[in-house]
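Here's the structure we're looking at; comments come further down.
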Amino acid sequence: MKEKIQNPLLTEFDGVVHGHRDGHGFVQRDDGQPDLYLSPNEMRAVLHRDRVKVRIIGYDRRGRPEGRVTEIIERSSAPLIGRLLHENGVWLLAPEDKRYGQDVLIPKGATGAAQPGQVVVVELTEPPALFGQPVGRVKEVLGEIDDPGMEIEIAVRKYGVPHQFSEAALAQARALPEQVRAADRKGRIDLTDVALVTIDGEDARDFDDAVYCEPARVGRSKGWRLLVAIADVSHYVENGNALDADAYDRATSVYFPRRVIPMLPEKLSNGLCSLNPQVERLCLVCDMLITAQGEVHAYQFYPAVMYSHARLTYTEVAAILQNTRGPQAQQRAALVPHLLHLHEVYRGLLSARQRRGAVDFETVETQIVCDEVGRIEKIVPRVRTEAHKLIEETMLAANVCAAEFIAQGKQWGLYRVHEGPTPEKLETLRQYLKALGVTQSLPEQPQPKDFQQLAATTQERPDAAQIHQMLLRSMQQAIYTPHNSGHFGLAFEAYTHFTSPIRRYPDLLVHRLIKAILAERRYRLPTLPTPGEAQAKLAKRLSARETAVSAANAEAAKARSAEALGWQAAGLHCSANERRADEASRDVEAWLKCKYMREHLGEVFSGVISSVTSFGLFVTLENLYVEGLVHITELGGDYFRHDELRQELRGERTGIRYALGSRLNVQVSRVDLDGRRIDFRLVNPDADGTRSVREKTADPGTARKGKQARDAASAEAQYAPKRTRSKAVREVPRAAPAPAAPASRGTGKTKKGKR
């Protein structure tokens, strides 16, 4: 008997709607199959984040499925944030998140105390329909669009970042002691006479790690004893209590310019669990013996009580290491020998890193410097000193010991896993390197040292920055997972996060696990909430990877246990919330940069092409570190082909090439605050050496040019919103003068502990 084949056009699928800024949308299917496209007409009855049933009604010319919504299973309960408008006697909310493609009608009596133009939070009272807009009421008034800190108020609500602690958590925090009590010292090693110090940035508010080093014999050879003491947050945040529930919900602290949304209440994050100077604090210590070659010979973990002998800054320590007889060294004379020992162990750890072949690309990290009302004063590169690297290497050593310890403890835990490039990304990278004439190739199964050697051999090329950027883009993102498959970038067989339990929930879990192993008991996760939308989205993206890990794991049957699934859920939750925090931070930075660039409309700057797309060039200004778009229609009358392998646009008629890493002079022509978008115009040197803004040229036979503009607009819709009616859009006339502003660049690196 023949099996009946089901018609896919009649099958219904469950999924979540994801709106697009251009008016259409997609349904992310629960079964992990490709998303279904929803036309703008289909999106009229649904909103971003609604859960729906959908069926396939056809395929486009590229074979992608198009869907039709057959049932709305559940409406999203997320509030909408935007500006309240009063137009022709009608009150409307224009959503700040452009994925909500419709304005919301607000009845006259539902505006509360809000005034036109203010930023408000609205909850829906009537969902959208095919022939009717959604209706809502004002729930909260945030203030005026230009109020200091408004960008943060919007971001935390837009991305669902928890920013208010529960009353139960605050009550538990208030009930905690102000200082270490005699009962807290029971069963702990007394390290108060050890010269542990904290080393952080000048603007640091919480101090969760302290270090100390002294010479030691390792066998018959010279070595060091390195102590990394981490605030013992787990002593105060008990498994499953209200503080723990709030900490898990947040999963990480979120850092904005001038403000932090902490994972723990201030009494803990800046007080009881912060290793402030000249006070006793509880800590969990990783005590290591390290050889002259930088290898960890032995280690042990133990709870202790410590006394920070000084709060040092990176700038201060770097100055002391550079000149041990300078004024900074004289002020810290008693600590100088210990700092020199720390520098010695750092050099040993650095040599071990180089032997492992860990990836270490130079990248630029910037810092936004704001004034007292929150406006950007300047954007500067972060200078990474020897002190930064010293702390990073000591923290890495402690994290590796923690990963090995929980692996040997035969218990489930969370690892920080970073896998190598996917075969697809690797092939793209190979083709790119071949197109640039790079003779060194990558093997089928590349190791971190292969990437590092490639970076070293191309260091002197004029396009080195371009090549290193592509090497970075080929890497996968690191995640938290109970399945250990190593850290590719750092070249570690096992790695976890142990050193920041004040601001990262995975570190808090690792602390609990280490203490359970020391006590010879099994640690059990608290009852955790079911992962939400962000976690489900990440799970879908990682499903193939997780399947491969489970298949290769000898304990595949055990991996299906309830305990293992709990750890998997915790890993997905922490990974997804880390992404959420990054997105919220980037959104705020983009807002601030747009506001900053509104003051520079019409000015000309030097920049570097940071990304090449089919619709234009993204250029990063060299002296401002702000990125904007030079649309392809601003490149003149030629027809430009996008070479994805070479990452360049090439003019068919003129042969002009715009490649990744090329330098250009651009004029700031338009700033769209709501769309977080900055547009540039290309500036060319004239024959007499002066600069002029390139105008669009009317080229005879420009039918292909017109087609390119239409194609570019279609492609750009995947990246940027349409130009809106918003008053936040500011443009400069095309004939505006463009004074030159030469610039210089700087270098920097990633934040401590981000790996």
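List the pairs whose first member sits in region 575-595 and is in contact (Cβ under 8 Å) with a residue 24 or more places away in the chain, whose second member is buried (at least 18 other Cβ atoms within 10 Å of the Cβ) and of a type in the set (S, T, N, Q), and whose Cβ atoms are under 6 Å apart, counting only residues at least 6 apart or on separate chains?
Sorted first by the residue in region 575-595, then by its partner, the pairs are 576/535; 577/252; 578/252; 581/252.
Can you pull out every residue in region 42-67 that is part of a loop (DSSP other than H, G, I, E, B) and over 16 Å from residue 126 (Cα atoms)?
Selection gives 60, 61, 62, 63, 64.
Going through region 396-429 one residue at a time, which ones are open to solvent by 20 Å² or more (accessible area, probe 1.4 Å), closer than 17 Å to residue 570 by Cα and aromatic (Phe, Trp, Tyr)?
Within region 396-429, 412 is the sole residue that qualifies.
Can you run down the residue pairs with Cβ atoms below 8 Å, 6 or more apart or on separate chains, where the first is in region 204-223 and more than 23 Å from residue 192 (Cα to Cα) and of a type in the set (A, V, I, L, M, F, W, C) and the partner is open to solvent by 30 Å² or more (accessible area, probe 1.4 Å) and assigned to a loop (DSSP other than H, G, I, E, B)?
218/292
With 538, 624, 565 as the choices, which residue is at pLDDT below 90, of a type in the set (A, V, I, L, M, F, W, C), buried (at least 20 other Cβ atoms within 10 Å of the Cβ) and closer than 29 Å to residue 246 by Cα? Break it down stepwise before answering.
On the way: 624 fails: closer than 29 Å to residue 246 by Cα; 565 fails: buried (at least 20 other Cβ atoms within 10 Å of the Cβ).
Within the list 538, 624, 565, the selection yields 538.
Scan 200, 190 and give me the residue that is surrounded by fewer than 24 Cβ atoms within 10 Å (Cβ to Cβ) and over 18 Å from residue 497 (Cβ atoms).
Step by step, each of 200, 190 is checked, and only 190 is surrounded by fewer than 24 Cβ atoms within 10 Å (Cβ to Cβ) and over 18 Å from residue 497 (Cβ atoms).
Pairs please, first residue from region 378-405 and part of a helix (DSSP H, G or I), second anywhere and acidic (Asp, Glu) and surrounded by fewer than 23 Cβ atoms within 10 Å (Cβ to Cβ), Cβ atoms under 9 Å, 6+ apart in sequence or on different chains.
387/316; 391/200; 400/493; 403/493; 404/493
Of these, 70, 125, 111, which one is open to solvent by 20 Å² or more (accessible area, probe 1.4 Å), without any contact (Cβ under 8 Å) to a residue 40 or more places away in the chain, in contact with a strand residue (DSSP E or B) (Cβ under 6 Å, 6 or more places away or on another chain) and over 27 Å from residue 573 (Cβ atoms)?
None of the others qualify; the one that does is 125.
Here are 289, 312: which of them is more than 19 Å from residue 234 (Cα to Cα), open to solvent by less than 20 Å² (accessible area, probe 1.4 Å) and modelled with pLDDT of 95 or more?
Details: 289 fails: open to solvent by less than 20 Å² (accessible area, probe 1.4 Å).
Matching residue, one of 289, 312: 312.
From the list 227, 264, which residue is assigned to a loop (DSSP other than H, G, I, E, B), over 18 Å from residue 513 (Cβ atoms), out of contact with any Gly (no Cβ under 9 Å at 6 or more places or on another chain) and modelled with pLDDT of 95 or more?
264
The values are calculated or read from the model by the stated rules, or taken from the named source; none is laboratory data. None of the values given here were measured: they were computed from a predicted structure. All Cβ positions, glycine included, derive from the backbone under ideal geometry; neighbour counts span all protein chains shown. Only protein heavy atoms, including side chains, enter the accessible area calculation; ligands, DNA and RNA are left aside. Shrake-Rupley method; radii C 1.70, N 1.55, O 1.52, S 1.80 Å.
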